[in-house]
1. Can you tell me the dipole magnitude for the stretch 114-248 around its Cα centre, using point charges on the Cβ only (Lys, Arg +1; Asp, Glu -1), in Debye to the nearest 20?
2. Where the centre of each part is set by its Cα atoms, how far does the stretch 189-215 sit from the stretch 245-303, in angstrom?
3. Bin by bin, in steps of 10 Å, what percent of the Cα pairs in the stretch 117-302 do you find, going until the bin that has the longest distance?
4. Can you give me the long-range amide H partners of LYS234? Hydrogens built in the peptide plane at 1.01 Å from N, cutoff under 5 Å, separation of 5 or more residues or another chain.
5. Name the residues whose placed amide hydrogens come within less than 5 Å of the amide hydrogen of HIS220, ignoring near sequence neighbours (fewer than 5 apart) on the same chain.
6. Say the cut-off is 25 Å between C-alpha atoms; which of LYS233/LYS288; LYS234/LYS302; LYS109/LYS165; LYS165/LYS278; LYS278/LYS302 go over it?
7. What does the highest-first list of 133-142, 249-258 look like by mean Cβ count within 10 Å?
Amino acid sequence: MSARLLPPNKIIIALSGVTDFELNFGPGELPEWFLETPDVQWEPIRRPNLGGQTESRPDDLLGEPRIRSDRSWSVRIYADGAEIQTGEGPLEVAQWKMGTPPWKDELRKRHGLSGPIDAAFLDSFVFVTPSGECRHAAVEEWAQSEFEHAVTHWRQQMRGDARVKVDADITEEDIAQHNLILWGDPASNSMIARVMQNLPLQWTDNEVIVGERRFDAAHHAPILIFPNPLNPKKYVVLNSSFTYREYDYLNNARQTPKLPDWAIVDLRVPPDSRWPGKIIDADFFDEKWELQTPHFERVNAKQ
């Protein structure tokens, strides 16, 4: 004998990121306000008779939930290669229409490709080491030290040996199958040089440039996650493994991501048990994987 649990009358969900949104609502496009105010209230209703047959359409994407919100927004659900989208405006009862999935033509955060940095280590990855030397001695020393730290602590914490390949040995198969964790700088690592022009920041001989913010490349280095320009279904990461460190090993409740999608590290402050150096700037990319205005400006704009 079996019983089916009925859904509660009301559920309040506070979402902390794209992955949570996808798990609850299916792989849809984010509302524009999502990253700033990720709070959604919804009430489930009886699943309507949609008609038709499909083998790949999961039940939880179709009849439920009925969305209730006082904001102007829409929800998109994808199944069988088609899009179902609500109308714009405050919603009481969802009305669906067909359209084109946005990721066919543009880069967007979506399920399995939403960051932050630690997300790259939830799937198959390869550490890609440089075959040359970095432009600046401080970057060379730091990148090599962080790579060695990553290999050692992956073994200690995850009980496995990380794949390691030199940049010159990376194949098209590697690019197709793995997230690539790139160590070094554009001068030392040919894979960084290949993808650099398609990343949202610049890393020149003299500067690391993030939007209008500029940092001396002699003693600063970026950490970053981004869809691989050579295969946007996978990630590239610059100079980072999982972002919690020795301090967090004392309690597994601390073993959570410590950095967002990108960060700038001041190498004049050495790595310690909590950080890979002094983090002087860090943020998430927006839902289109683009740089946002600095956080303090976004906060001030709301006041």
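1. It works out to roughly 360 debye.
2. 18 Å
3. 9, 39, 38, 13, 1
4. ASN228
5. Long-range HN contacts for HIS220: LEU267.
6. Check vs 25 Å cut-off fails for LYS234/LYS302; LYS109/LYS165; LYS165/LYS278; LYS278/LYS302.
7. Sorting 133-142, 249-258 by mean packing, highest first, produces 133-142, 249-258.
Computed from the coordinates by the stated procedures, all read-outs in this text should not be read as laboratory data. Remember, predicted model here, so these are calculated numbers, not experimental data. So basically every Cβ, Gly included, is an ideal-geometry build from the backbone, and we count neighbours across all protein chains shown.
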